[in-house]
Amino acid sequence: MTDLTVSADGIVTGNTYDKYGSQNPLVRRMMGAFERSLDELLDRAEPASLLDVGCGEGVLAQRFARRLGSGRVVGVDVQEASLQAAWSQHRAANLEYRTLAGAELPFAAGEFDMVSAIELLEHVPDAQLTLGEMVRCAQRHLLVSVPREPLWRVLNVARGAYWSQLGNTPGHLNHWSRRSFIQLLRDHGEIVEVRSPFPWTMLLVRV
């Protein structure tokens with residue numbers, strides 16, 4: 001994540017902590033469980049193509065591209081120099097990146113078998129609008145994850161972070177418990193599977 005970057009749509013991205021590259025044993029264990037859940041849900045859905053919305057530096061987009069083999073993967077995110085610079089380090093033959101200039105996704109209806117938003121929806125001003133666009137572009141599935149609240153903020157406070165914001169990570173505009181996130185996604189499709197890798201909620205949804 002980049003440090004408090006604000007897009008033209010008012011999407012605020014949060015902090016600079018590289019959780020995917022951390023050497024902290026506890027963080028590595030948490031991220032291992034998170035990534036295993038992603039891989040298992042991806043394997044269950046068997047997407048032929050994938051759009052990763054809010055792909056950040058492209059770490060997961062590259063992971064998705066490897067797992068899809070020759071299947072098309074597109075990562076999109078806001079126009080931010082540090083993100084575009086990082087994309088050159090996370091490439092694959094079947095992977096491309098695009099920058100977003102507005103809230104609407106610049107793709108045709110049903111253009112991708114799966115659309116993912118991993119650690120994005122907590123940052124967007126209008127989650128329903130973003131999900132509606134994702135559903136429009138998806139032919140079969142959504143794969144989404146968000147921090148599990150209030151657990152996320154409690155953990156921040158416990159480690160001495162963001163006390164003045166009561167543990168809220170900078171850039172987090174939306175906050176969902178496991179139950180409320182499931183309810184949100186039920187408005188957009190059938191919940192196929194729910195995972196709870198600590199401290200996140202992750203859903204595979206059939207649109």
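Structure data summary
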| read-out | value |
| --- | --- |
| Scan of the stretch 88-105 for residues that are of a type outside the set (Val, Ile, Thr), touching a strand residue (DSSP E or B) at 6+ places or on another chain (Cβ under 8 Å) and over 16 Å from Leu50 (Cβ atoms), ordered by number | Leu100 |
| Strands (runs of 3 or more DSSP E) wholly inside the stretch 90-203 that include at least 2 residues being touching a residue at least 24 places away in the same chain (Cβ under 8 Å), farther than 27 Å from Glu46 by Cβ and of a type in the set (A, V, I, L, M) | none |
| Some residue of the stretch 76-87 being modelled with pLDDT under 95 and of a type in the set (Val, Ile, Thr) | yes |
| Test result for Val76, surrounded by fewer than 23 Cβ atoms within 10 Å (Cβ to Cβ), farther than 20 Å from Arg206 by Cβ, touching a residue at least 40 places away in the same chain (Cβ under 8 Å) and β-branched (Val, Ile, Thr) | no |
| Filter pass, Arg179 being closer than 20 Å to Arg195 by Cα, at pLDDT 95 or above, out of contact with any helix residue (DSSP H, G or I) (no Cβ under 8 Å at 6 or more places or on another chain) and of a type in the set (Lys, Arg) | yes |
| Selected residue (criterion: nearest to Leu68 (Cα to Cα)) from residues of the stretch 82-118 that are buried (at least 20 other Cβ atoms within 10 Å of the Cβ) and not hydrophobic (A, V, I, L, M, F, W, C) | Ser116 |
| Count of residues meeting criterion [assigned to a helix (DSSP H, G or I) and touching a Cys at 6+ places or on another chain (Cβ under 9 Å)] in the stretch 73-89 | 2 |
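The values are calculated or read from the model by the stated rules, or taken from the named source; none is laboratory data. Please read these numbers as outputs of a predicted model, since none were measured by experiment. Using ideal geometry, Cβ is built from the backbone for each residue, glycine included, and neighbour counts are taken over all protein chains shown.
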